[in-house]
Amino acid sequence: MTTFTTSAHVNTDTPARYISRLCKHFAHKLPVSFDEQQGRIEFSAGVALLQADAQGLTLRVESAAREDLERLQGVVASHFERVAWQEALTLDWQPGA
């Protein structure tokens, strides 16, 4: 089975804050797990994975269908940009990897 993926990386000194905010935001409706280094949000059409590193935060979206991937990418991006308004962070999605 093919899995479609896209990812984006943002430079930030506070990746744990954004993992927590984004996961807590979705936790009232979706299965979510997270700690300071990583997060997982399970949508019906795929999954969003968040990973902190020394340079910032990587967000990755995976889905079995390309159309669902594009929709999930938009959902994750819009919610991330709302919780990251203080730093005015935006996501530049890259296919694969």
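Data overview
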quantity: Enumerated strands (runs of 3 or more DSSP E) restricted to the range 1-48, each holding at least 3 residues that are open to solvent by less than 30 Å² (accessible area, probe 1.4 Å) and over 19 Å from Gln86 (Cα atoms); calculated: 4-11
quantity: Answer residue from the range 49-58, given it is more than 10 Å from the chain's Cα centre (by Cα) and free of Cβ contacts under 8 Å to residues at least 40 places away in the same chain and is surrounded by the fewest Cβ atoms within 10 Å (Cβ to Cβ) among those; calculated: Ala54
quantity: Top-ranked residue in the range 59-81 [being touching a Leu at 6+ places or on another chain (Cβ under 9 Å) and open to solvent by 40 Å² or more (accessible area, probe 1.4 Å); ranked as farthest from Val10 (Cα to Cα)]; calculated: Glu62
quantity: Matching residues, the range 1-55, being touching a strand residue (DSSP E or B) at 6+ places or on another chain (Cβ under 9 Å), more than 17 Å from Gln94 (Cβ to Cβ) and polar (S, T, N, Q); calculated: Thr12, Thr14, Ser20, Ser33, Gln37, Gln38
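The values are calculated or read from the model by the stated rules, or taken from the named source; none is laboratory data. Quick caveat: nothing in here was measured; it's all calculated off a predicted structure. As a convention, Cβ positions derive from the backbone with ideal geometry for all residues, glycine included, and neighbour counts pool all protein chains shown. The area values use the complete protein model at the heavy-atom level, side chains included, leaving out ligands, DNA and RNA. Shrake-Rupley method; radii C 1.70, N 1.55, O 1.52, S 1.80 Å.
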